[in-house]
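Everything below concerns the one structure shown next.
Just so it is clear, none of the values below were taken in a lab; they were calculated from the coordinates. As the structure is a prediction and not an experimental result, all values here were calculated from the model. In this analysis, Cβ positions are derived from the backbone assuming ideal geometry, glycine residues included, and neighbour counts consider all displayed protein chains.
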Amino acid sequence: MKRIYENYFITENGELYNDKKQMKTYIDRYEKAVIRIDGKPTMKYIHRLVATAFIPNPYNKATVNHKNGIKIDNRVQNLEWSTQAENNKHSHDLGLNKGYDKRGINNPNYRHGNRMR
């Protein structure tokens with residue numbers, strides 16, 4: 001367990017604690033929690049807290065990648081720092097970033113058989 005803010009701690013498995021108890025987290029696409037920093041509620045992603053606390057980032061890469069592609073698996077051994085390009089390539093290689101056919105009705109600009117002007 002490592003202190004990340006004055007009253008908050010994170011484990012290598014992605015469990016977030018305040019001074020008193022384990023914090024409640026929420027899952028949208030990623031697991032996140034609301035913590036108070038300087039008295040203001042702030043939303044933080046759990047995977048970024050784990051990476052910042054436990055994984056060195058000597059090249060100052062800005063993105064945290066989930067190695068197995070599971071966005072809520074926030075164990076330190078499943079995370080790595082990456083560039084956005086590396087993260088996009090990894091997502092494509094795992095088949096997570098599915099392209100789509102942009103012709104005809106699949107085109108976001110398609111309007112009932114009429115071209116957008």
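Relative to the Cα centre, the charge distribution of region 2-106, modelled as +1 at Lys and Arg Cβ and -1 at Asp and Glu Cβ, gives a dipole magnitude of about 240 debye. Each peptide in 63-70, 20-27 was scored by the mean count of other Cβ atoms within 10 Å over its residues; highest first, the order is 63-70, 20-27.
List the residues whose amide H sits under 5 Å from the amide H of GLU80, counting only those 5 or more places along or on another chain, with H placed 1.01 Å from N in the peptide plane. The answer is ASN65, LYS67. Can you give the FRET efficiency to the nearest 0.05 for ILE70 and GLN22, using r as the Cβ-Cβ distance and R₀ = 22 Å? Computed FRET efficiency for ILE70 and GLN22: 0.55. Here the Karplus relation 6.51 cos²θ - 1.76 cosθ + 1.60, evaluated at θ = phi - 60°, turns the backbone of region 88-95 into coupling constants of 4, 5, 4, 4, 5, 4, 7, x Hz, with x for every Gly and Pro. With a ≥ b ≥ c taken as the square roots of the eigenvalues of the C-alpha gyration tensor of region 2-106, please select rounded if a/c is under 1.5 and otherwise prolate if a/b is larger than b/c or oblate if it is not? The shape class here is prolate. Among the listed pairs LYS20/LYS89; LYS20/LYS61; LYS40/LYS89; LYS40/LYS61, those whose Cα-Cα separation exceeds 31 Å are LYS20/LYS89; LYS20/LYS61; LYS40/LYS89.
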